[in-house]
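A.B. asks: Sharing a structure here in structure tokens format.
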Amino acid sequence: MVLLALTTSLVNSTHLPALGQIQETDAGEAIPAEIVLRLLSSDVLEAQQIFLYELPNDLPIQLPLPDQATVLASVVYRVEGFDFDFYRVLLDVPHPPETVAAQYREQLELSGWEEPRPTAGDLAGFIPSAARLENQFVFCSADKTQGIFASASSQADNSTGLDLNLAPITGDHSSCRSDLASAQPPDFESPMPLLSPPVGAIVTPQDSSASGSKPNEYFYVEVDATIESELSAEAIAQHYAAQWESAGWSPYGEETNGSVKKVWRLEDEAGQPWQGTLTIEPSAEQSGVYRAIATVEVLQENSHE
């Protein structure tokens, strides 16, 4: 389970009513707690408890709060199909969203929390850029057991509504454990390099495929990505070429005809020859958008020189 995907889907599926709606009806009568909890539930979430103006008393970890923050409401959810609780905390902070987001990031870092690092897919290749949504971010606890998804939004008085969502980290493929996963050797055999994005570029991995005669032992791997960048196709290709060559690949050829294609050769530890290619294709519809394709394949004896 990827923490970011989990928390954003839960946030989008449930919205807290205004506090006045929670406290009383138009007739001045208090709304029963069971009705409020049903209003806060969804297909994937069951609201267990709601707290006004305070944090839940059973948080699994100490939750850092911004300076001068006021707690408006907290909700404890049970996630369908999972044996854990999900916590949502709404805060008011008397500063603009940009200030609150920057200061809260710094506060989390000083408290030992870390932002997850993006990694490539199981077949290696293009690492996605760590593009942030405006004033939205994810942090992971130092022990990699909890994650916070935070969203800061502007309010009418130029203060900030800060929405904090706290959930446990489950599974080795969580974004909060990507740094642990990336430190492990891959469970397949192919020399596809890891390709870090150019500075300022938005890299989004797309399709990937592999062929092989044995499980986790491939003779052909292909990975695709979309790149948004002010750089030219040649400059992007040069950026990635340096990483291919740092991984031990030797330049073998290049073609330039609108698109840029670079070719390398490599002999692995077992003496098997490989050929790698990188193609950067400009979009015909949109300036500054490219399709990037990287392949590695075993060379047959009659094609190896």
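The values are calculated or read from the model by the stated rules, or taken from the named source; none is laboratory data. Small disclaimer: the values here were computed from a predicted structure and weren't measured. Note: ideal-geometry Cβ built from the backbone for every residue, glycine included; neighbour counts use all protein chains shown. Remember, those area values only see protein heavy atoms, side chains included, never the ligands or the DNA or RNA. Shrake-Rupley method; radii C 1.70, N 1.55, O 1.52, S 1.80 Å.
A.B. asks: Provide the packing ranking of 240-251, 48-59, 66-77, i.e. peptides ordered by the mean count of other C-beta atoms within 10 Å per residue, highest first.
C.D. replies: In descending order of packing, they fall as 66-77, 240-251, 48-59.
A.B. asks: Still on this model: Would you tell me the accessible area of Leu90, worked out with a 1.4 angstrom probe on the heavy atoms of the protein chains, in Å² to the nearest 10?
C.D. replies: 40 Å²
A.B. asks: Give the carbon-plus-sulfur fraction of the accessible surface of region 253-292 in %, rounded to a whole number; probe 1.4 Å, heavy atoms of protein chains only.
C.D. replies: Carbon with sulfur: 39 percent of the solvent-accessible area.
A.B. asks: Which peptide among 199-205, 291-297 comes first, and what is the full order, when sorted by highest mean count of other Cβ atoms within 10 Å?
C.D. replies: 291-297, 199-205
A.B. asks: Could I ask something else about it? Rolling a 1.4 angstrom probe over the protein chains, ignoring ligands and nucleic acids, what is the accessible area of Phe126 in square angstrom, nearest 10?
C.D. replies: Solvent-accessible area, nearest 10 Å²: 10 Å².
A.B. asks: Here is a follow-up. Whole-Hz ³J(HN,Hα) for each residue in region 276-288, computed from phi via Karplus 6.51 cos²θ - 1.76 cosθ + 1.60 with θ = phi - 60°, x for glycine and proline: what do you get?
C.D. replies: Taking θ as phi minus 60°, the curve returns x, 9, 10, 10, 10, 10, x, 5, 7, 9, 9, 5, x Hz for region 276-288.
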